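No value in this document is a laboratory result; all are computed from the given coordinates. Every value quoted in this text rests on a predicted model; they were computed, and no experiment measured them. We place every Cβ from the backbone using ideal geometry, glycine too, and count neighbours over all the protein chains shown.
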Amino acid sequence: MAHDLVAEVDRRYRTIPKRESRGLVGHSMGGYGATRIGMKHADVFGALYLMSPRCLSARTLMGLTPEAMQAYSAMKSPADSAGLQWMQHATLAAAAAWSPNPQNPPLYLDLPLDAQGEPRADVLAKWAANAPLAFVDQYVGNLRRYAAIAMDVGDKDGLKDDTATLHQALDAYGIANSFTLYEGDHTNRVAFRFQEQVMPFFNQHLQFGAGQ
C-alpha cells in the first residue's frame, strides 16, 4: 500500500510526487493503519495525523466467548460470517490479518483459543507483534523524519488511554508530536476535526510548491 498505491495515485493524478508533499491520516482502524504504515514508511510520507487509532496495544482474546467459538466452529465458509455479531466480525478480521493460516480451512486463520478453550500463546504472540505500541521503539529513526506528527481522541472514547500512551512514548524519545484530548466520543466529532484540525495541519506541514 505504501509504495504500489502511492505510485498509482502519482501516475493517475496531478500530484507532487515527493514525501514532503504527502500526508497520511486515518481514523479508528484507519488510524491503526496510518500508525503502522507511518512508522514503517517515513520514506514515503512527510506528515502524520492519527485520529482515535484502534488496536495500538496488544490484543488479548478480544471478547472470545464459548458462544463465539461455537459460532466460528459452525462456519463452513467465510460467507457464513454474515450472521455474526460485530465483535465476532472484528475478531475474525484481526485473525485474518495477524494470524492467517493457509493450511487451516475453511476460514484459513488461527484464533487465540484452541478447541478446548485454552489460550494459544503462539497466536497471541503474533497478535502482539502487530501492535504499534509493541514495535514503536524499532522505528524511532523513521518517526524523527516527519515534519509533524499529531494525534487526537475523544475524552469519552475507550481508545484514549492507548493514544495517550503512544504520545508519551514519542515524548520519551524526544520526537516532536502533539496530542489533543477533545470533548467527544469515538465518532461524533470526526467530521468537524477533519475539517477544522486535520486539513489545516497538512496545509501547514506539507509542501505544495514543486520547487519547495
Item to complete: Any chance you could list the semi-axes, whole Å, largest first, of the equivalent ellipsoid that the Cα gyration tensor gives for the stretch 66-129, using √(5λ)?
Response: 18, 13, 12
Item to complete: In a Gaussian network model over the chain where Cα atoms closer than 10 Å are linked, find which of His27, His89, His167 has the largest mean-square fluctuation.
Response: His89
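What full-extension length gain, to one decimal in nm, is calculated for Ala172 and Ala121 as 0.36 nm per residue of separation minus the Cα-Cα distance?
Details: separation 51, 0.36 × 51 = 18.36 nm, distance 3.00 nm.
So the extension gain works out to 15.4 nm.
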Worksheet item: If you stretched the chain out fully between Lys156 and Asp4, how much longer would it get, using 0.36 nm times the residue separation minus the C-alpha to C-alpha distance?
Response: 51.0 nm
Worksheet item: For Lys156, which lysines qualify as cross-link partners when the Cα separation must be under 29 Å and same-chain residues fewer than eight apart are set aside?
Response: none
Worksheet, complete the sentence: If one builds a Gaussian network model of the chain from Cα atoms under 10 Å apart, the most fluctuating residue listed among Gly83, Gly158, Gly141 is Gly83
Worksheet item: Distance from the Cα centre of the stretch 37-85 to that of the stretch 120-171, in angstrom?
Response: 15 Å
Item to complete: Note the direction-averaged projected area, equal to a quarter of the hull surface, for the Cα convex hull of the stretch 1-55, in nm².
Response: 3.5 nm²
Discussion item. Given a 10 angstrom Cα cut-off, can you work out which residue in Asp155, Asp137, Asp122 is the most mobile in a GNM of the chain?
Written reply: Asp122
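Quickly estimate the mean residue ellipticity at 222 nm for the chain, helices only: each DSSP H run with n ≥ 4 gives -39500 (n - 2.57), and the total goes over all residues, rounded to 500.
Details: 10 runs with 84 residues, N = 212.
Helix-only estimate at 222 nm: -11000 deg cm²/dmol.
Give the relative contact order (percent, whole number) for the chain; include only Cα pairs under 8 Å separated by 6+ residues.
Details: 300 pairs, mean separation 49.9, N = 212.
Taking the mean separation of contacting Cα pairs over the length of the chain, I get 24 percent.
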Worksheet item: What fraction of the Cα pairs in the chain, stated in percent, has a spacing above 25 angstrom?
Response: 47 percent
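Between Asp80 and Arg144, what length in nm is gained on full extension when 0.36 nm per residue of separation is reduced by their alpha carbon distance?
Values: separation 64, 0.36 × 64 = 23.04 nm, distance 4.48 nm.
Value of the extension gain: 18.6 nm.
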Worksheet item: For the stretch 26-140, what is the convex hull volume of the alpha-carbon atoms per residue, in Å³?
Response: 120 Å³
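Can you put Tyr139, Tyr146 in order, fewest other beta carbons within 10 Å first? Please list the in-between numbers first.
Details: Tyr139 17, Tyr146 21.
Listed from fewest to most nearby Cβ atoms, that is Tyr139, Tyr146.
Taking a ≥ b ≥ c as the square roots of the Cα gyration tensor eigenvalues, with a/c under 1.5 meaning rounded and otherwise prolate when a/b beats b/c, else oblate, which class fits the stretch 95-212? Before the final figure, lay out each step's value.
Values: a/c = 2.16, a/b = 1.84, b/c = 1.18.
Verdict is prolate for the stretch 95-212.
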Worksheet item: Can you list the residues of the stretch 166-194 with backbone N under 14 Å from a point 7 Å past the Cα of Ser57, pointing along Cα to Cβ?
Response: 166-169
Response to the item:
HN-Hα couplings for the stretch 179-188 via Karplus (6.51, -1.76, 1.60; θ = phi - 60°), in whole Hz with x for Gly/Pro, come out as 10, 10, 9, 9, 6, x, 10, 6, 10, 6
Worksheet, complete the sentence: Nearest 10, in degrees from 0 to 90: the angle of helix 160-172 to the longest Cα principal axis of the chain is 50 degrees
Discussion item. With the cut-off at 1.5 for a/c, could you classify the stretch 128-170 from its C-alpha gyration tensor as rounded, prolate or oblate?
Written reply: oblate
